[in-house]
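I have placed the structure first, in the form of structure tokens, so that the comments after it can refer back to it.
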Amino acid sequence: MASRLWASRVASHLRISVFNRGFASVVKDFKYADSHEWVKVEGKSATVGITDHAQDHLGDVVYVELPEVGVAVTQGGSFGAVESVKATSDIYSPVSGKVVEVNEELNNSPGLVNASPYENGWIMKVEISNGDELKSLMDSDQYSKHCEEEDAKH
């Protein structure tokens, strides 16, 4: 009896571990900042949002503070905030440039950041001023490893 209980405990523990590791998805062709923002680059244009890992840690997003169209953003500089039921977190730009578009949908549906962080939950589009900055960002494998190491510390 005890061995069966032990086995089911081990199985449930393994299932939980596997579930957590697989839960935070990353997109192969995107670049990532260690502050948990993603960038999808198309020519001189970059779409920016927060990662699945970030939205998972934040919990339900209730408000997104969007930047103004036309303002300059700098790599590593704060450009807005995401407010969730747990906390408010600044969002940092992974690239320098000029904001050319913001996702107005988030004003009415901030939960898109949770439901669709890489597609419908994007936050801003930037005209990149310095393409070399992209070299300092992580690829999907590096970012996945970064998240695992960060989670292991907590």
Once the in-chain neighbours fewer than 8 apart are removed, the aspartates and glutamates whose Cα is under 14 Å from LYS135 read ASP29, ASP34
Set of aspartates and glutamates near LYS28 by C-alpha distance (under 18 Å), chain-local residues within fewer than 8 positions excluded: GLU37, GLU42, ASP52, GLU119, ASP139, ASP141, GLU148
Roughly speaking, what is the stretch gain from VAL71 to ASP29, that is 0.36 nm per residue apart minus the C-alpha to C-alpha distance, in nm to one decimal? 12.5 nm
To the nearest 20 debye, what charge dipole does the stretch 27-153 have about its Cα centre, counting +1 at the Cβ of each Lys and Arg and -1 at the Cβ of each Asp and Glu? 240 debye
Along the Cα→Cβ direction, 7 angstrom out, place labels at ASP132 and GLU149. What is the inter-label distance in nm? 2.5 nm
Give the order of THR47, THR88 when sorted by the count of other beta carbons within 10 angstrom, beginning with the fewest. THR88, THR47
Amide H contacts under 5 Å for TYR63, placed H, 5+ residues apart: GLU83
Just to be sure I understand the model, the point goes 7 Å from the Cα along the line to the Cβ. What's the resulting ALA115 to SER45 distance in nm? 2.4 nm
Would you kindly compute the Cα radius of gyration of the stretch 27-153 and its largest Cα-Cα separation (Dmax), both in Å? 13.5, 39
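Any read-out appearing in this document is the output of simple, stated calculations on the displayed coordinates, not a laboratory observation. Keep in mind it's a predicted model, so treat the numbers as computed, not measured. As a convention, Cβ positions derive from the backbone with ideal geometry for all residues, glycine included, and neighbour counts pool all protein chains shown.
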